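What follows is a set of notes on a single structure, which appears directly below.
The values are calculated or read from the model by the stated rules, or taken from the named source; none is laboratory data. The structure presented is a predicted model; accordingly, all values stated were derived computationally and were not measured. Cβ atoms come from the backbone with ideal geometry, glycine included; neighbour counts cover every protein chain shown.
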């Protein structure tokens, strides 16, 4: 397939005064990832209110980090340890109570602590707001998760590629002109990997939404072995934690790559040109 170019046209953005958007960060025994996740969120250009929802961390350094964030003014809700993906929906009452106090139509963000937005443009939350306004049936919106630089030394590199190409990267991106300009996107399910949820909708996961491509692509830190925190890998449930969990990795250690290509988007900041590329795999 030949590369396809699209010119992004600038547009006037009308800013609307609003209360800070609550961001619920799911935490468990990950200290450095939590710190990196929060730093990347705080660097965004939208008014946000961070709330850490901790699922029973017991590492001393994580508990110290939670205390540190509380002293900085970040809310920390301490819950009990969970044992299955379904338990993540136990957050729903807490989120609903918090958002109801701010107003019944308050949008909110939910993210795992292993998501790093430092590779995204700083206006990503505004773009996600524009996405939800433009697509009224979308329940949430979030970034694509970059796979292009996942290191091959990851023990289940082939499984990561197979699973995420099967779910997302086999699709050709679509484009939409928003108040923030041209955006590349696809319709897709989103779990807890950073998403802005439509106000008034009770939280559950996964949820059908829209994912946006570069320059709004996020990093999934669990795919980078240098970021692993060993204590987490050995204490988190294998039903919840996949990519750094020894038991889960052992199940997929011999899996072979099942794809020879996927579709990606590049974006040139200087020329405002998007290019859809057919990425070959060996």
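Let's see how each residue does on (1) closer than 16 Å to residue 55 by Cα; (2) modelled with pLDDT of 55 or more:
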{"site": "3", "(1), (2)": "no, yes"}
{"site": "7", "(1), (2)": "no, no"}
{"site": "14", "(1), (2)": "no, no"}
{"site": "17", "(1), (2)": "no, no"}
{"site": "26", "(1), (2)": "yes, yes"}
{"site": "30", "(1), (2)": "yes, yes"}
{"site": "33", "(1), (2)": "yes, yes"}
{"site": "42", "(1), (2)": "no, yes"}
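A quick yes/no check of all residues on (1) surrounded by 16 or more Cβ atoms within 10 Å (Cβ to Cβ); (2) modelled with pLDDT under 95:
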{"position": "143", "(1), (2)": "yes, no"}
{"position": "146", "(1), (2)": "yes, no"}
{"position": "174", "(1), (2)": "no, no"}
{"position": "179", "(1), (2)": "no, yes"}
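Those helices (runs of 4 or more DSSP H) of the range 13-124 in which 1 or more residues are in contact with a helix residue (DSSP H, G or I) (Cβ under 6 Å, 6 or more places away or on another chain) occupy 31-42, 60-71.
Here are 121, 187, 152: which of them is without any contact (Cβ under 8 Å) to a residue 40 or more places away in the chain and within 30 Å of residue 225 (Cα to Cα)?
Criteria check complete, one pass: 152.
Taking the criterion of being at pLDDT 95 or above and not in a helix (DSSP H, G or I), the residues of the range 151-172 that qualify are 170, 171, 172. Close contacts from the range 81-108, counting a first residue that is over 19 Å from residue 54 (Cβ atoms) and a second that is in a helix (DSSP H, G or I), with Cβ to Cβ under 9 Å and a gap of 6+ residues or different chains, come to 105/99; 106/98; 106/99; 106/100; 107/99; 107/128; 107/129; 107/132.
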